[in-house]
Each structure stands twice: as structure tokens, then as C-alpha cells.
Amino acid sequence: MTVYVDTSFLVSLYLTDRHSPDARQRVQSAAGTWFTPLHHAEWAHALGQHIFRKVLATSEVQKMNGQLQTDAAAGLWLEVALPERAFDLCADLARRYGPKLGVRTLDSLHVACALELKAEQFWTFDERQEKLAKAEGLKIA
């Protein structure tokens with residue numbers, strides 16, 4: 001089963017929050033999960049924000065980055081390029097769903113990537129993003 005996760009899921013997997021148990025349970029069933037340059041960028045920003053807010057120390061972030069790399073080497077994360085049509089589809093999703101769902105650019109870009117990569121499931125803890133993914137026919141676990 002191919003799965004696309006957004007950054008909210010990724011952060012909950014490596015940091016401990018109210019969604020962490022669910023994220024950890026789900027990821028055990030995934031054979032492979034897409035990981036794009038968008039994930040890399042958002043991951044770096046999310047961790048930087050946690051340091052800025054003094055929620056995490058730099059040493060903790062280094063440990064989490066190491067765990068992410070270990071998981072990638074073990075095959076949990078399948079590195080792929082950002083799909084060529086992702087930005088065009090992102091803009092189309094914004095036109096069609098932005099006024100109804102209030103989705104943001106990164107919400108629609110993640111969903112566009114999942115659609116273009118033909119992910120079998122889409123995992124997120126973001127309510128607006130989940131509504132958009134469902135509206136486009138993606139399966140949510």
C-alpha cells in the first residue's frame with residue numbers, strides 16, 4: 001500500500017503529541033510512504049519552529065533528524081521528486097475548493113502531490129487538508 005503523509009502526520013510521528021500513538025500505529029502497516037522535497041522543507045521548518053518556541057533543544061532536533069534518516073535508510077520513506085504537475089493541480093484545487101474549504105497553499109500542494117503520485121491512502125491530522133483529500137477521492141485511514 002502506498003501512502004502519502006502530510007507534515008502534521010510526520011511531526012506527530014517523531015515528536016510526542018496527542019496524535020503520536022495513532023501515527024505510530026498507522027506507520028507500522030505502511031509498506032512505503034512517499035517523501036518529497038516538500039516534506040524535507042516543511043520538516044526543517046517545523047523543527048526550526050519548535051526550537052524557536054523553546055519546545056525542543058537543538059540536540060533533540062538532531063536526534064529526530066537522525067531517526068528520520070535511519071527510517072529512510074530502512075525503507076520507510078520512499079524519496080521521490082515533486083511531481084511535475086503538482087503546482088498546476090495545486091492551483092486547480094485552490095480554485096475549486098479554496099472558497100468552500102478554506103484550504104491553504106501547502107494543504108492543496110500536499111493533496112496534489114498525493115494525487116499525482118497515485119497514493120492509495122492520504123494521512124493527515126489537519127482537518128481542512130483531510131476534507132480536501134476526501135473531496136478528491138483519496139482514502140483516509
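Being under 16 Å from Val11 (Cβ atoms) and not in a helix (DSSP H, G or I) is the filter here; which residues of segment 55-74 pass it?
Val55, Leu56
Given the residues Ala81, Ala46, Ala94, which is the only one that is in contact with a Ser or Thr (Cβ under 9 Å, 6 or more places away or on another chain) and in contact (Cβ under 8 Å) with a residue 40 or more places away in the chain?
Numbers: Ala46 fails: in contact (Cβ under 8 Å) with a residue 40 or more places away in the chain; Ala94 fails: in contact (Cβ under 8 Å) with a residue 40 or more places away in the chain.
Sole residue among the options that is in contact with a Ser or Thr (Cβ under 9 Å, 6 or more places away or on another chain) and in contact (Cβ under 8 Å) with a residue 40 or more places away in the chain: Ala81.
Any idea which residue in segment 7-54 is farthest from Ser108 (Cα to Cα), counting only those that are in a loop (DSSP other than H, G, I, E, B) and at pLDDT 95 or above?
Within segment 7-54, the match that is farthest from Ser108 (Cα to Cα) is Lys54.
Conditions tested, residue by residue: (1) surrounded by 12 or more Cβ atoms within 10 Å (Cβ to Cβ); (2) basic (Lys, Arg); (3) over 14 Å from the mean Cα position of the chain (by Cα).
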site: Thr2; (1), (2), (3): yes, no, no
site: Val11; (1), (2), (3): yes, no, no
site: Arg18; (1), (2), (3): no, yes, yes
site: Pro21; (1), (2), (3): no, no, yes
site: Gln25; (1), (2), (3): no, no, yes
site: Phe35; (1), (2), (3): yes, no, no
site: Ala41; (1), (2), (3): yes, no, no
site: Gln49; (1), (2), (3): yes, no, yes
site: Phe52; (1), (2), (3): no, no, yes
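If you go through segment 13-24 one residue at a time, how many are out of contact with any helix residue (DSSP H, G or I) (no Cβ under 6 Å at 6 or more places or on another chain) and within 11 Å of Trp123 (Cβ to Cβ)?
The number of residues fulfilling the criteria is 1.
Filter segment 118-141 down to the residues that are surrounded by fewer than 19 Cβ atoms within 10 Å (Cβ to Cβ), closer than 19 Å to Pro83 by Cα and touching a residue at least 60 places away in the same chain (Cβ under 8 Å) and list them by number.
Hits for segment 118-141 are Lys118, Glu120.
The values are calculated or read from the model by the stated rules, or taken from the named source; none is laboratory data. Not measured: the values here are computed from a predicted model. Cβ atoms come from the backbone with ideal geometry, glycine included; neighbour counts cover every protein chain shown.
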